[in-house]
Amino acid sequence: MEDLLDLEGDETGARGASHVPVLLPVALDQTYDYRAPAHVDLEPGCFVLVPFGPQVRIGVVWDRPVGEGKPVDPRKMKTITERLDVPALPVSSLRFAEWVARYTLGPLGMVVRMMMSAQSAFEPVKPRFGVTSVPDAALPSRMTPERQRALDIAADGLIRSKSALAEEAACTTGVVDGLVKAGCLVEVAIPEKRFAVPLHGHAEVALSPDQAAAAHALRSAIDADAFSVSLLDGVTGSGKTEVYYEAVAHALSKGRQVLILLPEIALTSQFMNRFKARFGAPPAEWHSALSPAERGRTWKAAATGDARCIVGARSALFLPFRDLGLIVIDEEHDPGFKQEDRVHYQGRDMAIVRARIGDAPIVLASATPSIESHVNARTGRYRHLVLPGRYHGAELPEITAIDMRKTPPERGKWLAPPMVEAVNETLAKKQQTLLFLNRRGYAPLTLCRTCGHRIECPQCSAWLVEHRFRGRLNCHHCGFSLPLPKRCPKCEEEDTLVACGPGVERIAEEVAERWPEARTLILSSDLIPGLVEMRAIIKKIEEGEADIIIGTQIVAKGHHFPDLATVGVVDGDLGLAQGADPRAGERTFQLLHQVTGRAGRSFARGRGFVQTHMPDHPVMQAIVASDREAFLNHEILVRQSAMLPPYGRLVALVVSAKHRDVAQGFAREVARRAPAAERIELLGPAEAPIAIIRGRYRWRLLLKAPREIDVQAYIREWLALLPEIKGDIKLTVDIDPYSFL
Ligand code: ADP
Ligand code: ZN
């Protein structure tokens, strides 16, 4: 009773307009009340500087108190230092942050931190200066050819940076400085670059009847001004991009903003150029390769509406869109949309939530939609738009399984005779071949011939992977690396170490031996420093500067290689070995389908070859027969009977600690304290398949529940019952996990 009175007193007294709840981007789940300074307008979502402990930090004014913190004593309440001159987060962003936090069980402050991941947007803008000509200025007393060139160029009255003018005039910046001193040029602030406006009608294409029907449905969805999900489903090359561009054009024509999410690796210049060709201007980009200044500029442009269309990786979802009218998720099945650190979220699923909060339609596009999306399409929850064939009428590649038991490669080689034959034929026709192996490096295991020792990572329970190009052994889990040793670390014999199994570098070696004349390129994330270099290599392939491409999964996504005729999958079984992963079959099917689908998109019929030890496996059968429905029916039945997603919910809990006993002990304690619940099944704790990562021992628990159960509420209740997490113990909760290692 007293408490209640207390609270009421607080509500009516201090809690007037004189103070506001502020959310700080830290790992906390609550707002703090701050006194509002007089005469400062503090609308919800605006950014403020506040004293927080000994520091001053940026916070966001929230529109209602969050969390169960005790009300602050008005006498001790601190005052907001100042309001920042940064566009406020729209209220839809506040609701979205709350939703993501509630769903993922990540602290709200950390979700808001993701919404602020553009530091330079919060710093004062430093104006950049350039030079321009002074009309009617007298010529300098001393004229040189350099000076004349610079003045001639500047005569157009444009503003250029000094270095740009110097470069154009082939002189030094000293010459430009001299002209400023002489009063012929003047320094002026360069206006901030604006984003070019994509034009919805710039280069319209005539759609096929199937495309037109799908585009019509998407336009109606936009006109409805309401939330809806459409699954745009069609083989690679069926014209899905062209169809969703129509939707993009329609949303743009209504003055709305558009977000297109792609897997990070698909953000190639190919995509950007195609967008530009269609809309006359490139989209704003959002990905890890942006400079801090570009991040800040794009963030602000999302908030002001200056950026009409943003193409980005999953984190673009957290940009402060002012008026989002359409979201497109291309390659919606891609596991890369799942974020696995800090706030664990599935970008595709959260994008659907974002669309719902903004009453906007969302389009999921894929040649191999996820089982989750298929089920939603089959039950009518999603609109299912199907493009039945390839746009250019080119047939889908013919896929052949190569039975490695019947036609094995020669000793020490990895390409079976039928595969070698296929490459020979392709080379003879001057066409491109892609050899695909989803494994970086040279060999996954290094073994001593004398004592049998296997070289493991000292910090992880994993073998070190040889990277021969770099002459090192690397751990793919923690980044540990050491130079390739000459002697066995155990028995110290010299030259006894042998590489076991292939990685892409080893395939490249075999290719160089077999086809020394062929121009080869390796596409592997560890050999390519970043998106920029990646774009350059893709361009080379596109322009036919390679005969044989050897690549990991980064070749599977979104690229269009016009000369590619033959695709060879070196190890079709690789993905199926991930036993604990309920999506292993789905992922293998998607990957094999996508990779082989790269073949023959723009000319005659391409061919795909899959080396396998399990040609009878349902996934292989479906790939070879190009029978997606058979695979889907099989997989959906499996999911249904095992209560796996989307029929059931999964939550992974991972306990880790520096000592095995501590990790195991705490994992058991976690399990023991699980609240009783009838329909919730708890598996584990069990030692994780990768039992040690970075010197931390890992134990896993997996929770399985029927769809209709509120697992978040259950887990929140459970976490509240746990003993205090002390020392170096860590507990991570992963709702809808995609990783089971
Ligand atoms: P998807 O996104 O399904 O892989 P795309 O949209 O990339 O398919 O289309 C495949 C190819 O067909 C591209 O080269 C594209 O330019 C072309 N294409 C698709 N639709 C049309 C159209 N209506 N008119 C002209 N070319 C088209
Ligand atoms: Zn390691």
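Just so you know, all these numbers are worked out from the coordinates, no wet-lab data involved. In this text the structure is predicted, and so the values were computed from the model without any measurement. So basically every Cβ, Gly included, is an ideal-geometry build from the backbone, and we count neighbours across all protein chains shown.
Here's how it looks for residue 79: its modeled amide H is under 5 Å from those of 35, which are all 5 or more places away or on a different chain.
Sorted by packing (mean other beta-carbon atoms within 10 Å per residue), highest first, where do 311-318, 362-369, 452-459 land?
Numbers: 311-318: 23.8, 362-369: 25.4, 452-459: 16.2.
Listed from highest to lowest mean packing, they are 362-369, 311-318, 452-459.
Taking a ≥ b ≥ c as the square roots of the eigenvalues of the alpha carbon gyration tensor, segment 129-189 is rounded, as a/c is under 1.5.
In segment 40-95, Rg over Rh equals 0.97, where Rg is the alpha-carbon radius of gyration and Rh the Kirkwood radius from pairwise Cα distances.
Cross-link reach is defined here as a Cα-Cα straight distance under 13 Å, omitting same-chain residues fewer than 8 places apart; for residue 193 the aspartates and glutamates meeting it are 294, 306.
Measuring from each cysteine beta-carbon in the chain, the ones with no other cysteine beta-carbon under 4.7 angstrom are 46, 171, 184, 309, 478, 500. Run the paramagnetic zone check for residue 405: 7 angstrom along Cα to Cβ, then residues of segment 554-573 with backbone nitrogen under 15 Å. The answer is 573.
Shape class for segment 441-501: prolate, because the ratio a/c of the largest to smallest gyration tensor axis (alpha-carbon atoms, square roots of eigenvalues) is 1.5 or more and a/b beats b/c. With the charge dipole of segment 129-189 set up from +1 on Lys and Arg Cβ and -1 on Asp and Glu Cβ about the Cα centre, the Cα lying farthest toward the positive end among the listed residues 175, 157, 135 is that of 175. Taken over the chain, the alpha-carbon convex hull comes to 229 cubic angstrom per residue. In terms of its alpha-carbon gyration tensor, segment 209-392 comes out rounded; the largest-to-smallest axis ratio a/c stays below the 1.5 threshold.
Converting phi to 3J(HN,Hα) with the Karplus coefficients 6.51, -1.76 and 1.60 and the offset θ = phi - 60°, segment 633-648 yields 4, 4, 5, 5, 4, 4, 4, 5, 6, 9, 6, 9, x, x, 7, x Hz in sequence order, with x at every glycine or proline. Sorting 666, 480 from the fewest to the most surrounding beta carbons within 10 angstrom yields 480, 666.
Tell me what the chain gives for mean residue ellipticity at 222 nm when only DSSP H runs of n ≥ 4 count, each as -39,500 (n - 2.57), the sum divided by the residue total, rounded to 500 deg cm²/dmol.
On the way: 20 runs with 225 residues, N = 741.
Result for the chain, helices only: -9500 deg cm²/dmol.
In order along segment 425-442, the Karplus-derived 3J(HN,Hα) couplings, from 6.51 cos²θ - 1.76 cosθ + 1.60 at θ = phi - 60°, round to 4, 5, 4, 4, 8, 6, 10, 8, 10, 10, 9, 10, 9, 7, 8, 6, x, 9 Hz, and Gly and Pro are given as x.
When only the Cβ of Lys, Arg, Asp and Glu is charged (+1, +1, -1, -1), the dipole of the chain relative to its Cα centre reaches about 820 debye. The phi torsions of segment 338-352, fed into the Karplus equation with coefficients 6.51, -1.76 and 1.60 and a -60° offset, translate into couplings of 8, 8, 10, 10, 6, 7, 7, 9, 9, x, 5, 5, 5, 5, 5 Hz, rounded to whole numbers, with Gly and Pro shown as x.
As a proxy for reagent exposure, ranking 478, 451, 460 by other Cβ atoms within 10 Å from fewest up yields 451, 478, 460.
Please go through the residue pairs 78/730; 78/658; 276/540; 704/730; 126/181; 254/276 and name each one whose alpha carbons sit more than 30 Å apart in this structure. Display every interim value, and only then the final one.
Values: 78/730 33 Å; 78/658 40 Å; 276/540 20 Å; 704/730 22 Å; 126/181 23 Å; 254/276 19 Å.
The pairs that break the limit, which is 30 Å between Cα atoms, are 78/730; 78/658.
Each residue in 193, 300, 658 was given a count of other beta-carbon atoms within 10 angstrom of its own, and listing them fewest first yields 193, 658, 300.
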